[in-house]
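First the structure, in the form of structure tokens, and then the observations on it.
The values are calculated or read from the model by the stated rules, or taken from the named source; none is laboratory data. For clarity, every value in this text was computed on a predicted model and none was experimentally measured. Cβ sites come from the backbone with ideal geometry, for glycine too, and all protein chains shown count toward neighbours.
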């Protein structure tokens, strides 16, 4: 079957793996089954996801780890290389590359991504990151712009790569951040269709950028369940002023066991008893509260630490198969279109989710049977 971006719409509630390219995946833990993130594991997990009918594979763009005993996320396969490799061995699943704008020249990136799209016969997707982790950019000798300026640079970058993919004649571009001359980029995209594009966005500036340029916005759930619908609704309203429809991605981590008690016990075991506490602290300080970590009340510290150890701060989905399926459906009904999932070990733990949760979602009418 010929793949187009509209193929992504076959499932109302879209699911994919998140972070399999990195050691630890989304779980900063010391348990023996901890995800190693080797190429062999990535290949097996991708084939599992493809055969099960999942919609996408989304990598973490990491250049250094979070330290601790495991150096959580310290071993990370570069995402465009990773996407090209997995697109060559899968058949149906979309595979994203996560690209940090300041680190990738737009002309070089346009050719890399068009090459990946050729390999996948139109199944490459682009996750745009305008930059946030200063330590990673320090490694490359690049000064990270102030927040708003990052998105101004990102806009020029997107404008250039889209022209490189589309223009049949050589073109020049004279911007503030990029000046390129006589650009003629080949190969073009496999079917000439711009890849499915996603951008992580939590700030107003980021959400405006995603609304202008992307098919889907990647945002984390930070509100209570009864407030999610209004938050997601406001995101989609931003896109309407640009005359566009915008889907919403979020990240989550899943612990699914035959009983809720078993799921909660395993969650506490791998996050609290066996969590990589130093890596967790580094992750929380860098992403959530920076220098105010030690001033937080104990109950907030515990929650931050557990979510950080459990899924890099993602939304926890924990329980028996009915609990997990019902929560996914409830969140979807509030406006979330796609869930980028983490498991402690994708190969060991996803098959139970595949056999128990996916059929429930199909029966409820939110997914179709894999073909």
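Scanning segment 71-82 for residues that are outside any loop (DSSP other than H, G, I, E, B) and surrounded by fewer than 20 Cβ atoms within 10 Å (Cβ to Cβ) turns up just one, 81. Applying the selection to segment 41-54, what residues are more than 28 Å from residue 284 (Cα to Cα) and either crowded, with 23+ Cβ neighbours inside 10 Å or out of contact with any helix residue (DSSP H, G or I) (no Cβ under 8 Å at 6 or more places or on another chain) (or both)? Matches in segment 41-54: 46, 47, 49, 50, 51, 54. If we scan segment 97-110, do we find a residue that is over 20 Å from residue 253 (Cβ atoms) and in a loop (DSSP other than H, G, I, E, B)? Yes - at least one qualifying residue is present in segment 97-110.
State whether one or more residues within segment 304-314 are farther than 30 Å from residue 278 by Cβ and either touching a helix residue (DSSP H, G or I) at 6+ places or on another chain (Cβ under 6 Å) or part of a helix (DSSP H, G or I) (or both). Taking every residue of segment 304-314 in turn, none turns out to be farther than 30 Å from residue 278 by Cβ and either touching a helix residue (DSSP H, G or I) at 6+ places or on another chain (Cβ under 6 Å) or part of a helix (DSSP H, G or I) (or both).
Scanning segment 72-106 for residues that are within 22 Å of residue 371 (Cα to Cα) and free of Cβ contacts under 8 Å to residues at least 60 places away in the same chain gives 86, 87, 88, 89, 90, 91, 95.
The sole residue among 85, 68 that is outside any helix (DSSP H, G or I) and crowded, with 18+ Cβ neighbours inside 10 Å is 68. How about segment 315-371: which of its residues are under 18 Å from the mean Cα position of the chain (by Cα), part of a helix (DSSP H, G or I) and over 25 Å from residue 47 (Cα atoms)? 331, 332, listed by residue number. Would it be correct to say that residue 55 is at pLDDT 95 or above and within 18 Å of the chain's Cα centre (by Cα)? Against the criterion (at pLDDT 95 or above and within 18 Å of the chain's Cα centre (by Cα)), residue 55 qualifies.
Summed over segment 357-371, residues that are closer than 19 Å to residue 319 by Cα and touching a residue at least 40 places away in the same chain (Cβ under 8 Å) total 3. Pairing each residue of segment 170-182 that is touching a residue at least 24 places away in the same chain (Cβ under 8 Å) with any residue that is part of a strand (DSSP E or B) and surrounded by 15 or more Cβ atoms within 10 Å (Cβ to Cβ), provided the two are 6+ apart or on different chains, yields C-beta distances under 9 Å for 180/171; 180/173. Tell me the residue from 185, 164 that is crowded, with 17+ Cβ neighbours inside 10 Å, modelled with pLDDT of 90 or more, over 22 Å from residue 215 (Cα atoms) and in contact with a helix residue (DSSP H, G or I) (Cβ under 6 Å, 6 or more places away or on another chain), please. Only one candidate passes the filter, namely 185.
All conditions but one from (1) surrounded by fewer than 16 Cβ atoms within 10 Å (Cβ to Cβ); (2) outside any loop (DSSP other than H, G, I, E, B) apply to residue 141; the one that does not is (2). Could you please let me know if residue 128 is in contact with a strand residue (DSSP E or B) (Cβ under 9 Å, 6 or more places away or on another chain), under 30 Å from residue 53 (Cα atoms) and buried (at least 23 other Cβ atoms within 10 Å of the Cβ)? Yes, satisfied.
Restricting the first member to segment 342-354 and to residues that are on the phi > 0 side of the Ramachandran plot and in contact (Cβ under 8 Å) with a residue 24 or more places away in the chain, and the second to residues that are surrounded by fewer than 17 Cβ atoms within 10 Å (Cβ to Cβ) and part of a loop (DSSP other than H, G, I, E, B), no beta-carbon pair is closer than 6 Å while six or more apart or on different chains. For segment 138-175, how many residues are in contact with a strand residue (DSSP E or B) (Cβ under 9 Å, 6 or more places away or on another chain) and more than 27 Å from residue 117 (Cβ to Cβ)? Of the residues in segment 138-175, 1 are in contact with a strand residue (DSSP E or B) (Cβ under 9 Å, 6 or more places away or on another chain) and more than 27 Å from residue 117 (Cβ to Cβ). For the residues 24, 37, 19, 68, the requirement of being in contact with a strand residue (DSSP E or B) (Cβ under 6 Å, 6 or more places away or on another chain), modelled with pLDDT of 95 or more and under 18 Å from residue 271 (Cα atoms) singles out 19.
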